[in-house]
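Comments concern the structure below.
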2 protein chains.
Amino acid sequence: MIVHSVFFRLNHPAGSTGETAFLAKAAQLSNIPGVQNFHVLRETSPKNPYAFGLSMEFTDQAAYDAYNTHPDHVAFVQNIWLKEVAEFQEIDHVPYRAA
Amino acid sequence: MIVHSVFFRLNHPAGSTGETAFLAKAAQLSNIPGVQNFHVLRETSPKNPYAFGLSMEFTDQAAYDAYNTHPDHVAFVQNIWLKEVAEFQEIDHVPYRAA
């Protein structure tokens, strides 16, 4: 299982309708095949500039790759993400197993 | 529930005994009162410089604060983390609930 997450801040003011609308559109990514355990998150640490996050799980790299190239994901990135996100950091992880 | 996580890379070479020893010491943080659902993670995204992560959950901010100030955590940060970690990013999150 791969956990894919991204933490970000928006160009929209906090509490604005633009912010709410962005998060609602982002939540639609959960409908793309292969996406499991999808969550919209509020980032709370003062030690980074991010305000929100998205997290989701994929069974394997093939499912992750299929999500990345799915037309709905590509359209979201091109038409919404790139215009409305000011700054972001992707973090992906799997369990660590000691050698 | 607050999810506290930190992603990092070490001064130790990949696969070294120093790396293994660091991660074993980090795993001992799970014994501090209030820490729930503790995981050592392997960070897999090529879009950041981090190689590992730690994640844990706290019931509330008071439990998180108690962890931060616990002598075992303070000693780990001072004696191990600051010497062996090259670069890191903390990420904390709670569920987002639309207004």
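The values are calculated or read from the model by the stated rules, or taken from the named source; none is laboratory data. Given the structure is predicted, the values throughout are model-derived calculations rather than measurements. Note that we place each Cβ from the backbone using ideal geometry, even for glycine, and neighbour counts take in every protein chain shown. Note: areas computed on protein heavy atoms with side chains; ligands, DNA, RNA excluded. Shrake-Rupley method; radii C 1.70, N 1.55, O 1.52, S 1.80 Å.
For the reader, a short list of remarks on this structure follows.
- In the assembly of identical copies, B:Gln28 has its label point, taken 7 Å from Cα in the direction of the beta carbon, separated from the corresponding points by 5.1 nm (ascending, one decimal).
- Protein-protein interface of segment A:78-95, residues with accessible area decrease of at least 20 Å², isolated chain reference, 1.4 Å probe: A:Gln89, A:Glu90, A:Ile91, A:Asp92, A:His93, A:Val94
- In this structure, B:His73 and B:Arg97 have a Cβ-Cβ separation that, at R0 = 22 Å, corresponds to a calculated FRET efficiency of about 0.15.
- Rounded to the nearest 20 debye, the dipole magnitude of chain B is 240 debye, with +1 charges on Lys and Arg beta carbons, -1 on Asp and Glu beta carbons, and the Cα centre as origin.
- Average silhouette area of segment A:1-54, convex hull of alpha-carbon atoms, in square nanometres: 4.2 nm²
- Cross-link partners of A:Lys83 among lysines, defined as those whose alpha carbon lies under 22 angstrom from its own and excluding same-chain residues fewer than eight positions apart: A:Lys25, B:Lys47.
- Rounded tilt (10° steps) of B:17-27 against the dominant C-alpha axis of chain B: 10 degrees
- Estimated buried accessible area (total), pair B and A, 1.4 Å, Å² to nearest 100: 2200 Å²
- Theoretical ellipticity at 222 nm over chain B - DSSP helices of four or more residues, -39500 (n - 2.57) apiece, nearest 500: -7500 deg cm²/dmol
- With the convex hull of the Cα atoms taken as the outline of the protein assembly as shown, the averaged projected area works out to 11.4 nm².
- Within segment A:71-99: backbone nitrogen closer than 11 Å to the A:Ser30 label point (7 Å, Cα to C-beta): none
- Taking chain A and dividing mean pair separation by its residue count, relative contact order in percent (alpha carbons under 8 Å, at least six apart): 46 percent
- For chain A, the C-alpha radius of gyration divided by 2.2 N^0.38 Å, with N the number of residues, is 1.11.
- For residues of B:42-49, the mean tally of beta carbons on other chains within 10 Å: 5
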